[in-house]
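To start, the structure itself, in structure tokens.
The values are calculated or read from the model by the stated rules, or taken from the named source; none is laboratory data. The structure displayed is predicted, hence computed values, not measured ones. All Cβ positions, glycine included, derive from the backbone under ideal geometry; neighbour counts span all protein chains shown. Accessible surface is based on the protein model in full, side chains and every heavy atom, while ligands, DNA and RNA are left aside. Shrake-Rupley method; radii C 1.70, N 1.55, O 1.52, S 1.80 Å.
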Amino acid sequence: MPNRRKEHVVCRACHAQCSLIAEIEDDRPVRLYGAKDNPVYHGYSCIKGRRLAAYHDLPSRLLCSQRKTAGGNHEPIKSDEAIHEIAEKVGALIARHGPRSIAGYIGTHGYNNFATQAFASGLLEAIGSPMMFTSVTIDQPGKGIATSLHGTWLAGTPSMQEWDVLMLVGTNPIVSMNGGLGMNPARRLHHAKKRGMKLIVLDPRCTECAEQADVHLAVRPGEDATVLAGIARLLIAENAIDRDFIDAEADGFDALREAVAPFTPAFVADRADIAAEDLIRAARLFGSAGRGAVSAGTGANMSGRGNLVEYFVRVLTTLRGFWAKPGDRIGNPGVLVNRLPAIAASPGPRPAYGFGEKLRVRGLTECASGLPTAAAADEILMPGKGQVKALFVFGGNPMVAWPDQLKTLEAMKALDLLVTFDPHMSATSKLAHYVIAPKLPFEFVSPTMLNEMLGNFGPGWGYDVPYAQYSDALVPPPPGADLIEEWEALFRIACHLGVALNIKDFSLLDSAEAKSRGTRLDMRRKPSSEEVWAMLTKNAPVSLSEVKAKAREGFVFDRPALFVAPKPADWTGKLDIGNPVMLSEMDQISSRPAAASNSAFPYRVISRRLHDVLNSCWHEDPVLKRRMAYNPAFMNRADMRREGLQDGDIVELESGRAHLRAIVQAEDGIKPGCISLSHAWGGIPGEDDDPLASGSNTGKLSAVDHDYDPYSGIPLMSAIPVQLRKAAAAS
Ligand SMILES: Nc1nc2c(c(=O)[nH]1)N[C@H]1C(S)=C(S)[C@@H](COP(=O)(O)OP(=O)(O)OC[C@H]3O[C@@H](n4cnc5c(=O)[nH]c(N)nc54)[C@H](O)[C@@H]3O)O[C@H]1N2
Ligand SMILES: Nc1nc2c(c(=O)[nH]1)N[C@H]1C(S)=C(S)[C@@H](COP(=O)(O)OP(=O)(O)OC[C@H]3O[C@@H](n4cnc5c(=O)[nH]c(N)nc54)[C@H](O)[C@@H]3O)O[C@H]1N2
Ligand code: SF4
Ligand SMILES: [Mo]
């Protein structure tokens with residue numbers, strides 16, 4: 001008789017950390033489904049999460065680490081041996097080229113695991129390298145930059161239950177679990193709409209969210225800032241602003257009013273290719289609501305002017321006085337993460353860029369969203385003092401995720417040392433000198449700290465009640481496997497190098513404080529996983545041991561009620577809605593003519609998420625493969641007819657940088673002229689880039705040194721101008 005048991009578990013297939021039930025048979029996870037009684041997720045699950053059990057035993061899963069041979073193939077290597085060799089090589093590179101030659105990149109599954117993040121940044125700090133890149137600057141870098149320029153409102157926004165209106169800009173949380181709607185987004189939107197909340201969606205596609213919108217503005221890609229400025233202008237013109245709030249809490253109103261003046265409905269309608277009446281309808285819905293929120297996503301951040309779009313997300317919130325006010329009850333006082341002080345005030349703007357490490361390319365520096373990852377390939381390729389020689393990749397896949405794939409390929413090949421921490425031979429791992437095979441989620445501990453932390457990102461992120469769940473390691477690694485948690489491998493590399501690690505406390509939001517109040521490790525003794533998590537939650541509002549004791553199934557803690565306090569009388573900080581750099585970008589939009597529509601590149605490739613897969617993860621899973629064998633280039637039927645295309649035909653898409661082949665598929669509700677193509681598909685260019693076999697890589701179309709943001713370095717990763725040619729008929 002097989003030994004079968006059921007366990008509650010935190011899903012870690014994406015950042016949303018849903019609560020699932022795992023059926024485990026003879027120590028193997030065999031089935032997963034949503035936990036119906038969970039007070040926050042209410043049984044939600046998606047196919048990616050439900051397949052997480054299967055990933056633990058997929059044949060493609062690496063059961064031991066790999067080393068590249070002289071012939072370019074990979075051979076198994078004991079993790080001990082790999083760690084020793086890697087440490088030797090790092091030591092030699094530091095001695096020869098200095099610490100800056102060692103860089104790290106934290107991708108999706110590094111970001112999603114705080115133990116990995118903490119030990120990775122601890123190691124780079126300990127050796128004295130500032131070169132830590134993350135996926136944030138190729139994701140939604142405008143968020144950090146705009147928050148810095150506008151200022152944080154400490155009390156945040158009121159909970160979703162109180163919103164009368166929600167505006168989503170280039171984000172589709174029903175599919176992506178990006179912020180805006182919170183956890184189990186479809187259910188929450190349904191309830192919110194039932195009680196009367198209005199929804200405004202800006203998206204060139206009729207997305208799952210747009211289908212339910214009261215106003216859907218099918219904006220021309222890259223013109224979101226134009227539309228939001230138009231809405232700001234209408235709010236001001238129709239006196240639908242909270243003048244008392246603005247006078248008391250914000251600087252820069254007059255400059256803003258002047259800067260948005262040219263953004264008349266006629267101008268916006270023309271630029272953004274929407275109906276002026278729809279713009280006015282959206283502005284009136286937004287302007288007549290008592291409370292509400294605005295949330296933007298990747299579409300808005302990747303199409304140029306992402307900082308400005310995110311800035312306007314905040315400016316519109318301020319114009320309407322939608323921030324939480326004195327006396328409002330804070331939904332989530334915090335369980336594992338300390339929230340910002342619940343005061344109705346802003347400390348004011350802070351520097352958004354121009355500090356920290358100076359990169360050697362394009363005048364880029366560290367910015368409020370981190371070091372510009374779009375510059376990492378150039379930092380590897382450009383000779384000279386400080387050149388990056390070694391790259392550690394933590395749960396990311398630069399080869400298919402970074403913009404400018406051809407440059408990334410050159411860079412990966414140029415490295416003296418490329419190490420990935422990845423459970424399968426990703427495109428990047430195929431080029432790596434070492435691939436460290438990590439444990440998978442059900443083999444290690446995790447509380448829901450990541451998603452709680454994301455609650456500070458913006459409205460409708462994280463939890464709006466004091467919820468947490470704790471999962472133990474549920475199953476051992478497969479028999480005979482030699483796997484290691486990322487943090488443990490990094491601990492051992494540090495030991496070899498003779499450096500001591502400081503482990504950041506992730507319960508503290510301020511990164512300097514999280515470091516200064518972190519834990520300096522005694523390197524003579526390797527901590528246990530639980531001890532590591534105790535360090536990561538050292539100053540948490542609720543102790544990890546209490547969370548562990550109470551929240552195996554997910555639990556809403558009984559925290560003392562927290563109400564927003566008025567600001568102290570001597571408070572000086574104010575929000576800034578007239579930032580000169582942002583307003584000068586507005587000037588550029590209004591004073592320059594629109595790009596000619598019959599240019600050499602008439603189509604725009606726009607980014608989107610696919611329901612069934614997360615970025616480049618586990619595309620080879622046979623169940624997913626049956627549902628989604630490749631990433632189709634979704635097009636408008638009229639465009640297809642005009643180009644003589646049918647479903648399944650292969651087209652060649654050419655940008656100013658490169659061309660790629662993709663397979664077209666009609667989709668209703670895509671704006672004419674747009675080609676909606678998901679990212680992180682395809683393999684190594686020239687080796688495995690058959691669109692039918694591995695999909696098409698949109699990163700190839702981006703150029704990091706063209707049309708890039710001067711602060712985050714992000715180039716166009718959506719709204720990429722291309723021309724289209726039919727390459728072959730469907731086979
Ligand atoms: N053109 C275009 N480019 C884009 C985007 C876009 O919309 N358009 N999106 C951008 C965005 S938002 C992001 S976040 C980046 C993503 O950038 P990356 O994070 O670099 O890419 P992912 O594909 O998410 O890489 C995840 C890797 O983690 C591995 N993995 C899976 N499970 C685990 C695990 O449990 N542990 C470990 N250690 N590894 C695991 C997978 O095998 C995979 O290799 O791509 C960006 N690139
Ligand atoms: N199922 C699934 N979920 C995911 C992921 C995944 O790969 N699959 N990836 C995860 C990651 S890494 C991230 S960062 C989040 C991202 O989460 P979201 O930002 O919500 O990502 P999308 O669902 O792609 O939504 C972006 C929307 O922007 C639209 N868009 C493209 N260009 C423009 C433009 O110029 N203007 C406007 N207004 N809209 C535009 C697209 O049509 C798309 O509907 O999702 C996460 N969740
Ligand atoms: S949304 Fe993310 S966390 Fe939730 S079940 Fe799907 S993969 Fe897992
Ligand atoms: Mo992302």
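Side notes on the structure shown:
- Residue that is surrounded by the most Cβ atoms within 10 Å (Cβ to Cβ), among those in the stretch 595-622 that are away from ligand 2 (no atom under 15 Å from the Cβ) and hydrophobic (A, V, I, L, M, F, W, C): Phe601
- If you check Ile274, Ile280, Ile241 for being open to solvent by 10 Å² or more (accessible area, probe 1.4 Å), touching a residue at least 12 places away in the same chain (Cβ under 8 Å), among the aliphatic types (A, V, I, L, M) and farther than 25 Å from Pro459 by Cα, only one passes: Ile274.
- Boolean, Met425 is more than 11 Å from Phe133 (Cβ to Cβ), hydrophobic (A, V, I, L, M, F, W, C) and crowded, with 24+ Cβ neighbours inside 10 Å: no
- Checking the stated criteria, Met586 turns out not to satisfy the condition of being in contact with a His (Cβ under 9 Å, 6 or more places away or on another chain), buried (at least 16 other Cβ atoms within 10 Å of the Cβ) and in a helix (DSSP H, G or I).
- Qualifying strands (runs of 3 or more DSSP E) (wholly inside the stretch 606-688; at least 3 residues being within 30 Å of Leu440 (Cβ to Cβ)): none
- Being more than 16 Å from ligand 1 (Cβ to nearest atom), in contact (Cβ under 8 Å) with a residue 12 or more places away in the chain, open to solvent by 20 Å² or more (accessible area, probe 1.4 Å) and of a type outside the set (D, E, K, R) holds for only one residue in Ile231, Ile200, Ile174, and it is Ile174.
- Scanning the stretch 260-271 for residues that are in a helix (DSSP H, G or I), of a type outside the set (Val, Ile, Thr) and surrounded by 17 or more Cβ atoms within 10 Å (Cβ to Cβ) yields a total of 4.
- Condition check for Met382: modelled with pLDDT of 95 or more, surrounded by fewer than 23 Cβ atoms within 10 Å (Cβ to Cβ) and within 25 Å of Ile684 (Cα to Cα): yes
- All helices (runs of 4 or more DSSP H) inside the stretch 1-98 with 2 or more residues being open to solvent by less than 60 Å² (accessible area, probe 1.4 Å) and touching a strand residue (DSSP E or B) at 6+ places or on another chain (Cβ under 9 Å): 52-55, 79-97
- Consider the stretch 194-211 and keep the residues that are over 14 Å from Ala296 (Cα atoms) and among the charged types (D, E, K, R). The one that is nearest to ligand 2 (Cβ to nearest atom) is Arg205.
Here's the yes/no breakdown for (1) more than 16 Å from ligand 4 (Cβ to nearest atom); (2) more than 29 Å from Ser426 (Cα to Cα):
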position: Ala95; (1), (2): yes, yes
position: Ile102; (1), (2): yes, no
position: Ile106; (1), (2): no, no
position: Asn112; (1), (2): no, no
position: Ser121; (1), (2): yes, no
position: Ala126; (1), (2): yes, no
position: Ser129; (1), (2): yes, no
position: Gly156; (1), (2): yes, yes
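- Annotation: Val219 fulfils all but one of (1) open to solvent by 10 Å² or more (accessible area, probe 1.4 Å); (2) assigned to a loop (DSSP other than H, G, I, E, B); (3) under 26 Å from Ala255 (Cβ atoms); the unmet one is (1).
- Odd one out for Asn113 among (1) surrounded by 24 or more Cβ atoms within 10 Å (Cβ to Cβ); (2) away from ligand 3 (no atom under 16 Å from the Cβ): (2)
- Residues satisfying the stated conditions in the stretch 639-675, i.e. in contact with a helix residue (DSSP H, G or I) (Cβ under 6 Å, 6 or more places away or on another chain) and polar (S, T, N, Q): Ser655
- Being of a type in the set (A, V, I, L, M, F, W, C) and buried (at least 24 other Cβ atoms within 10 Å of the Cβ) is a property that Val361 lacks.
- Some residue of the stretch 555-568 being touching a Phe, Trp or Tyr at 6+ places or on another chain (Cβ under 6 Å) and open to solvent by 20 Å² or more (accessible area, probe 1.4 Å): yes
- Filter result (crowded, with 24+ Cβ neighbours inside 10 Å, assigned to a loop (DSSP other than H, G, I, E, B) and more than 19 Å from the chain's Cα centre (by Cα)) within the stretch 428-479: Ala432, Ala437, Phe444, Gln469
- Yes/no for Ser303 being within 16 Å of ligand 1 (Cβ to nearest atom) and either at pLDDT below 95 or under 14 Å from Trp163 (Cα atoms) (or both): no
- Verdict on Ala192 being among the aliphatic types (A, V, I, L, M) and in a helix (DSSP H, G or I): yes
- Yes/no for Tyr41 being within 16 Å of ligand 2 (Cβ to nearest atom) and modelled with pLDDT of 95 or more: yes
- Residues in the stretch 8-31 that are touching a residue at least 24 places away in the same chain (Cβ under 8 Å), within 13 Å of ligand 3 (Cβ to nearest atom) and among the aliphatic types (A, V, I, L, M): Val9, Val10, Ala13, Ala16, Leu20, Ala22.
- Index of the failed condition, Ala103 passing every other in (1) within 16 Å of ligand 1 (Cβ to nearest atom); (2) open to solvent by 10 Å² or more (accessible area, probe 1.4 Å); (3) hydrophobic (A, V, I, L, M, F, W, C); (4) not in a helix (DSSP H, G or I): (2)
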